[in-house]
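The values are calculated or read from the model by the stated rules, or taken from the named source; none is laboratory data. Given the structure is predicted, the values throughout are model-derived calculations rather than measurements. Side chains are part of the model used for accessible areas, which takes the heavy atoms of the whole protein and leaves out ligands, DNA and RNA. Shrake-Rupley method; radii C 1.70, N 1.55, O 1.52, S 1.80 Å.
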Amino acid sequence: MSPRGALTLFTVLALLSGCDDMTVQPKAGAWSPEATLVTPPQDTVAWGDAALKPPPLTLALLQRGQQRFRIDCTPCHSELGDGNGMVVQRGFPAPPSYHIDRLRQAPTQHFYDVMTDGYGAMYSFAGRVSPPDRWAIAAYIRALQLSQHPPATAVQTSR
Amino acid sequence: MAAIFSPAANLAAKLGLIGAAGLVLGGMSWWWLWPRTDYVRHNSWFVEQPVPFSHQHHVAGLGIDCRFCHTTVETAGDAGMPPTYTCMTCHSQVWTNAAMLAPVRESLANNTPIPWRRVTDLPDYVYFNHKIHIAKGVGCESCHGTMQDMPLSQKARSLTMGFCLNCHRDPAPNLRPPEAIYDTDWQRTPDTPSPAALAQQYHVGGRTLTDCSICHR
């Protein structure tokens with residue numbers, strides 16, 4: 001390299017070294033104020049949050065429902081659905097058991113709506129549970145109810 | 001012939017040499033060692049938060065899953081911070097008068113987010129993504145330490161480039177079964193599938209994870 005070329009290269013590099021090291025860039029992240037807004041701006045709909053028809057009942061749906069139920073609902077409703085979760089034991093008002101007659105006769109849509117809109121002391125889960133997951137959880141609550149009140153025909157006596 | 005140097009010159013020369021060596025050593029540690037210290041990397045620093053939120057209390061004590069609050073950790077690059085609404089799901093009814101929680105109630109009343117301060121922070125020129133790590137069986141503990149035992153969050157791993165590469169060279173021994181990903185106290189037991197079996201289960205391997213473009217894109 002000619003001395004003149006070397007000098008140019010050196011000058012350019014020396015000037016570039018003064019540039020910002022890009023450690024802080026104006027990207028949106030989990031910390032941006034708009035990401036943690038307490039309530040979203042008026043008339044916004046969460047991405048992918050359109051109303052949805054109930055999906056067909058499959059084993060995969062129930063397993064997904066069980067996983068989501070254990071994340072979002074057990075703190076209050078407990079794994080059994082009897083409404084005696086850990087947070088209730090620390091003083092949260094007790095929710096009704098899923099195994100009472102009124103809730104066993106309620107349409108599955110009711111569970112979906114409770115998650116979307118909240119119910120009494122229970123806050124809405126619309127921002128945390130996506131619509132497909134809401135159907136999965138609703139299906140799993142149905143399964144929980146069946147587990148506590150199995151129809152007579154499904155119970156086999158062992159000899 | 002008279003001596004050119006007086007005896008004192010010996011001392012001066014020695015001091016000069018020692019000084020030069022000290023300068024080189026000091027310069028090297030300032031350049032090389034100092035930026036790697038826990039102090040500069042904020043390792044094990046407790047970060048003063050507007051509300052003294054305790055993972056120990058909420059996760060280990062109450063058994064709340066990480067995903068109750070960090071909702072997008074399996075679906076997006078960002079793990080996501082819980083909005084005030086999430087806290088108020090419970091704190092509208094429990095500990096409603098605690099002074100400690102006043103900033104949370106004010107945040108809801110005024111519709112201003114709680115200004116959580118960062119504990120782990122990569123430089124923005126590094127691309128990081130939670131989803132792929134969770135999907136491939138890397139537990140939260142590998143990068144964040146035992147969160148569920150922390151009364152206040154602290155940075156548990158250095159998160160230097162060397163740290164990331166250490167695992168990327170051979171991820172298999174760091175993978176865990178799906179049910180252990182969120183349990184930061186999990187330990188390998190004799191029943192745990194072998195690293196090779198886990199790597200196969202998650203289809204890990206066959207990619208060069210140390211390419212610069214994986215993390216600098």
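Values for this structure:
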quantity	calculated
Protein accessible area in chain B, 1.4 Å probe - carbon and sulfur %	63 percent
In order through segment B:206-217: 3J(HN,Hα) via Karplus (6.51 cos²θ - 1.76 cosθ + 1.60), integer Hz, x for Gly, Pro	x, 10, 8, 7, 9, 4, 4, 6, 5, 10, 10, 10
Rounded, prolate or oblate (a/c below 1.5 giving rounded, otherwise prolate when a/b exceeds b/c) for segment A:59-151 by Cα gyration tensor	rounded
Normalised convex hull volume, segment B:63-153, alpha-carbon set, Å³ per residue	126 Å³
Estimated buried accessible area (total), pair A and B, 1.4 Å, Å² to nearest 100	2900 Å²
Per-selection Kirkwood Rh - chain B (Cα, Å, 1 d.p.)	21.2 Å
Whole-number accessible area per residue in Å² for segment A:59-151, which is evaluated in the context of all protein chains at 1.4 Å	46 Å²
Accessible surface, per residue, of segment B:21-175 when the full set of protein chains is kept, probe 1.4 Å, Å²	56 Å²
Mean Kyte hydropathy of -0.5 or more with a Cα span along the axis of at least 15 Å, helices from DSSP in chain B	B:7-28
Delta accessible area of at least 30 Å² on complex formation, residues of segment B:102-151, 1.4 Å probe, chain isolated as reference	B:ASN111, B:PRO113, B:ARG118, B:ASP124, B:TYR125
Chain-alone versus full-assembly comparison, segment A:84-113, residues with accessible loss of at least 50 Å² (1.4 Å probe)	A:VAL87, A:ARG90, A:PHE92
Per-residue [θ]222 nm for the protein assembly as shown (sum of -39500 (n - 2.57) over DSSP H runs n ≥ 4, rounded to 500)	-10500 deg cm²/dmol
For the protein assembly as shown, the spread of Cα positions along each principal axis, largest first, Å	122, 51, 44
Relative contact order for segment A:59-151, counting Cα pairs under 8 Å that sit 6 or more residues apart, in percent	35 percent
Carbon plus sulfur fraction of accessible area for segment A:59-151, probe 1.4 Å, in percent	57 percent
Among B:LEU175, B:LEU15, B:LEU152, residue whose mean-square fluctuation peaks in a GNM of chain B (springs only between Cα atoms under 10 Å)	B:LEU15
³J(HN,Hα) computed for each position of segment A:6-17 - Karplus, 6.51 cos²θ - 1.76 cosθ + 1.60, integer Hz, glycine/proline x	4, 5, 4, 4, 4, 4, 4, 5, 4, 5, 5, 5
